[in-house]
Amino acid sequence: MRISDLGEFGLIRDIQRLSLRKSSSALIGIGDDAAALRVSPSKILLVTTDMLLEEIHFDFSFTDFRSLGWKSAAANLSDIAAMGGVPRYCLTSMGIPDRVSVEQIKDFYRGFHSLMKAHKTMLVGGDTCHSGKEMVISVTVLGETERTRILSRSGARPGDRIFVTGTLGDSAAGLEILKNGRGPKGKGPEAKRLIEKHLSPVPRVAEGRAIALAGCASAMIDISDGLSSDLAHVCEQSGVGAEIRSDRIPISASLMKFARGRAMPVLHFALSGGEDYELLFTVPPGKTKRLRSLNLPVTEIGTVKRGKRVFLVDDRNRKSRLKPEGYDHFRRTNVS
Ligand code: ADP
Ligand code: MG
């Protein structure tokens, strides 16, 4: 069978079937933002790893090494944030083609460490190889949390409210601006802000931890693939459906202003754009007050429902199915 017939997530399921299935200390294995491993009765080790490939995840005509370093750190820190954990250590592996210079690699690490150091996360190892043509980057982050604070994708229950941090769609809009050859220079402040959100996203580590410590959420994920896909991951893992309202999706003032008078699919970017690195989480109705008391930048966008399907309700109360539209690496199409 060709991998393209199976798709990325089917392939991961097959890989999972071939591995050791049960271990009393692996509280969470394949299928969440990070693995959660019990290393002592109360301490949980969180581990997450992500690969970034030139031409697939990044393009040097849009990004520089410093931004790439920052973004590689952000993507992994965001997965630790989504588990409600504290990042502690990291490892980086690289495949470097001939055309890349020492100064460029140093620039990568300047960007990488400006974010990792802000989170007191120390580089403790990695691997370096020569690569034929393309630059390959792999980052692993180790974090920690307490057994009672782990926030997985599987705890959402019917009736829970669905929240997101920050605003959605900026990153996709920023990428669109870059793809259209309109770099930050000579652009208005909105375009600059959107490009910045795409190249240097800020992971919600403090917010994820605050939500976990307050004990108010039932499930959490970071929005890396796009709201429609990441909400579908939570629903699938929790065995529930959901309903979200299009008029509640938080859109930044920069995106609203930039899109005005332009044919920019703002709602589509917000629902399916991806790489926002915001958090999506569910809160039982009795705990929303506790969440509000934390004063975090969060918006309630919908409710967890029975069943399996996810619906989008528009401002005239019309309901339509919200299909996950994240990228499948092997099908190279939307997942549905
Ligand atoms: P995220 O978007 O949060 O990084 P992914 O969608 O990349 O998560 O991965 C989903 C799950 O599948 C994660 O638990 C990840 O660790 C696991 N996974 C992905 N690829 C592999 C692989 N080749 N072998 C084992 N586990 C994998
Ligand atoms: Mg994730």
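The values are calculated or read from the model by the stated rules, or taken from the named source; none is laboratory data. Just so you know, these numbers come straight off a predicted model, no measurement behind them. With ideal geometry, Cβ positions are generated from the backbone for all residues, glycine too; neighbour counts draw on all protein chains shown. When the accessible area is computed, the model is the full protein with side chains, heavy atoms only, and any ligands, DNA or RNA have been set aside. Shrake-Rupley method; radii C 1.70, N 1.55, O 1.52, S 1.80 Å.
General remarks:
- Coil-residue trypsin sites (Lys or Arg not before Pro) of segment 48-148, DSSP, other Cβ within 10 Å capped at 13: Arg99, Lys120, Lys133
- On full extension, the segment bounded by Phe9 and Ser93 gains 27.9 nm, given 0.36 nm per residue less the C-alpha separation.
- Extension gain, Lys22 back to Asn180 (0.36 nm per residue minus Cα-Cα distance, nm): 52.0 nm
- Ranking Cys235, Gly215, Val136 by Cα position along the charge dipole of the chain, where only Lys, Arg, Asp and Glu carry charges on their C-beta atoms, puts Gly215 farthest toward the positive end.
- Only Cα pairs under 8 Å and 6+ residues apart enter the sum, and on that basis the relative contact order of segment 161-321 stands at 43 percent.
- Packing rank of 72-78, 149-155, where each peptide gets the mean count of other beta carbons within 10 Å, highest leading: 72-78, 149-155
- Compactness of segment 32-149 as Cα Rg over 2.2 N^0.38 Å, two decimals: 1.11
- Set of lysines near Lys257 by C-alpha distance (under 16 Å), chain-local residues within fewer than 8 positions excluded: Lys187, Lys192, Lys197
- Estimated FRET transfer efficiency when R0 is 35 angstrom, pair Met1-Arg157 (beta carbons, to 0.05): 0.45
- Within the same chain, aspartates and glutamates fewer than 8 places from Lys179 are excluded, and of the rest, those with a Cα less than 15 Å from its Cα are Glu55, Asp59, Asp64, Asp170, Glu196.
- Net charge dipole size for segment 130-282 [Lys, Arg +1 and Asp, Glu -1 on Cβ; Debye, nearest 20]: 560
- Average accessible surface area per residue within segment 161-321, 1.4 Å rolling probe, Å²: 44
- Within the chain, the percentage of alpha carbon pairs spaced more than 28 angstrom apart rounds to 42%.
- Expressed as a fraction of 2.2 N^0.38 Å, the C-alpha radius of gyration for segment 94-231 is 1.30.
- For the chain, adding -39500 (n - 2.57) for each run of n ≥ 4 DSSP H residues and dividing by the number of residues yields -10500 deg cm²/dmol at 222 nm.
- Cα-based reach from Lys287 at 29 Å (exclusive), listing lysines while leaving out same-chain residues under 8 positions away: Lys43, Lys305, Lys308, Lys319, Lys323
- Separation in nanometres of the label points that stand 7 Å from Cα toward Cβ, at Ser293 and Lys43: 3.1
- Across q = 0.12 Å⁻¹, segment 3-63 modelled as identical point scatterers on its alpha-carbon atoms has Debye log10 I(q)/I(0) values of -0.48, in the order of the q list.
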